[in-house]
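One structure below.
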Amino acid sequence: MAQKRQPRGRLPAGSRLPASARQRQLPSSTPLFMDTFIQNSGLGDILDKVRAGERLSIDDGRRLFESADILAVGYLANIVRERLNGNRAYFIYNQHINYSNVCTNLCKFCAFGKDRDSELAYEMSVEDVKDKVRQRLDEPITEIHMVGGIHPDLPYSYYLELLRGIKEVRPRVHIQAFTCVEIAHLAGLAGKGIGETLEELKEAGLGSIPGGGAEVFSPRIRKLTCEKKLPGVDWIKVSKIAHQHGLRTNATMLYGHIETIDERLEHLDALRRAQDETGGFLTFIPLSFHPKNTEMSEHSRTTGIDDLKNIAVARLFLDNFPHIKAYWVMIGPKLAQVALSFGADDLDGTVKEEVITHMAGAETDQAIGHKTLIRLIREAGRRPMERDTLYNVLQSF
Ligand code: SF4
């Protein structure tokens, strides 16, 4: 079993940053009018905490979510963003593959998962997936991101073969695959523990685990929207076991439907506590709810202010997460660009064929060019850094 890792940027409750880091939070050029501005917004005590590197409480988080002053919240988040990641903004050259949308969970907020009898249901054979990888062999893709539904029939061997097949076609690619919900399902299929299953998946080529399936951990929300899904406590357990087995994972939160501010904060708090224990999370990705074609289509899309606030509050609250992602597919490239000044330091990547959010009515493109990503980042005043899955910098621009 792997040793506990000390996460980058981790700040246990009540702790303070080293003096050198504290100095960086408040450059001498910081205009005094910003102090007055933050004081006037009623968040002056939070500014003091942020500068001192003190952990924010749930009550602080609630006040940030409830603040009408998005610029003040963003300013605070930017202090932490620049302390942890300077002027860097990361992206990756990646390809998404969704091997099947057949799913027994049929979550009400999901437009992707389909009953096996639905005319929109599909599943790819291992050869189909290998073909998808082959079709892009001429592109400098470093990561395959692969998730699917909870399929009632596919055997455990299929998933191992998927990983091996991708590695056969593209041996050096990093495979980030199978949410914690899928991992728990695979362990059930294998009749093995989570740890043993993860070891077998690693052996077959799994490199890390994406952050999906977290939704909102609250049992109330899960009962109302995704009753059959792995409970939130078990999602966290799977993540922690993955960390103990040396796999880095991400975390998400699906916001903008029926969750309350307190339920968002309970979700973030559970992630922060888990990260204190293992340090294995790399990135937090707030996911804005897309209602079209779901059973919750009576809801409206999230607003730009709520999108920015979720990113900013996450950056402030999750002091032990190294990275916060503005997923351009969900909030659009233009708002993602703005989010780079509201706490985010990552835009995800080229994506190449996003399906899940587009089945729920996303109006963004299904892929974005390398040059476009660089331009978006540069124009936001940040330094573009092309990374691999584990945030090793491959090129800077
Ligand atoms: S969110 Fe995941 S588990 Fe739920 S229906 Fe969609 S694919 Fe299935």
Worksheet entry | Most fluctuating residue given options 118, 100, 341, as computed from a GNM of the chain linking Cα atoms under 10 Å | 118
Worksheet entry | Simple Cβ-charge dipole of the chain, Lys/Arg +1 and Asp/Glu -1, about Cα centre, in debye nearest 20 | 1280 debye
Fill in: Per-residue ³J(HN,Hα) for region 249-261, Karplus 6.51 cos²θ - 1.76 cosθ + 1.60, θ = phi - 60°, Hz, x for Gly and Pro
9, 10, 9, 10, 8, 8, 10, x, 10, 10, 6, 8, 4
Discussion item. With the crude spin-label approximation of a point 7 Å out along Cα→Cβ, what separation in nm comes out for residue 139 versus residue 157?
Written reply: 3.3 nm
Discussion item. I'd like the Karplus ³J(HN,Hα) series for region 102-118: coefficients 6.51, -1.76, 1.60, θ = phi - 60°, whole numbers in Hz, and an x wherever there's a Gly or Pro.
Written reply: 5, 8, 7, 7, 6, 4, 5, 8, 10, 9, 8, x, 10, 5, 4, 8, 5
Item to complete: Please work out the C-alpha center-to-center distance from region 51-87 to region 91-122 and express it in whole Å.
Response: 35 Å
Fill in: Among the listed pairs 132/202; 130/229; 167/228, those beyond 26 Å (Cα-Cα)
130/229; 167/228
Response to the item:
The extension gain from residue 298 to residue 87, computed as 0.36 nm times the residue separation minus the Cα-Cα distance, is 72.0 nm
Item to complete: Please report, in whole Å, how far the alpha carbons of the chain spread along each principal axis, starting with the longest.
Response: 61, 44, 43
Worksheet item: Once phi is turned into ³J(HN,Hα) by the Karplus curve 6.51 cos²θ - 1.76 cosθ + 1.60 with θ = phi - 60°, what whole-Hz value does each residue of region 181-191 show in order, with x for glycine and proline?
Response: 5, 5, 4, 5, 5, 5, 4, x, 5, 6, x
Practice prompt. Mark the label point 7 Å from the Cα of residue 196 along Cα→Cβ and return the residues of region 135-165 whose backbone N is within less than 17 Å of it.
Written response: 156-157, 160
Worksheet entry | Mean separation of Cα contacts under 8 Å (6+ apart) over length of the chain, as relative contact order % | 23 percent
Item to complete: Pull out the extension gain between residue 118 and residue 189, defined as 0.36 nm times the separation in residues minus the alpha carbon to alpha carbon distance; nm, one decimal.
Response: 23.2 nm
Worksheet entry | Candidates per GluC sites (Glu not before Pro) in region 50-100, loop by DSSP, up to 10 other Cβ within 10 Å | none
Discussion item. Can you give the FRET efficiency to the nearest 0.05 for residue 105 and residue 258, using r as the Cβ-Cβ distance and R₀ = 22 Å?
Written reply: 0.80
Worksheet item: If you check each cysteine of the chain for another cysteine whose beta-carbon is under 4.7 Å away, which ones come up empty?
Response: 103, 180
Item to complete: On a C-alpha basis, how far is the centre of region 166-229 from the centre of region 248-314 in Å? Whole number, if you could?
Response: 19 Å
Item to complete: Could you calculate the contour length gain from residue 66 to residue 367, that is, 0.36 nm times the residue separation minus the distance between their Cα atoms, to one decimal place in nm?
Response: 105.0 nm
Worksheet item: Can you sort 126, 233 by how many other beta carbons sit within 10 Å, fewest first?
Response: 233, 126
Practice prompt. Please sort by residue number the GluC sites (Glu not before Pro) in region 100-179 whose DSSP state is loop and whose Cβ has at most 16 other Cβ atoms within 10 Å.
Written response: 119
Worksheet item: What's the angle, to the nearest 10 degrees (0 to 90), between helix 232-244's Cα axis and the longest principal axis of the chain?
Response: 90 degrees
Item to complete: Looking at the chain, send over the antiparallel percent of its DSSP beta bridges, to the nearest 5.
Response: 15 percent
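Bear in mind these aren't lab numbers, they're just calculated from the coordinates by the rules spelled out. No experiment lies behind these values; they were computed from the predicted model shown. Every residue, glycine as well, gets a Cβ built from its backbone with ideal geometry; the counts of neighbours run over all protein chains shown.
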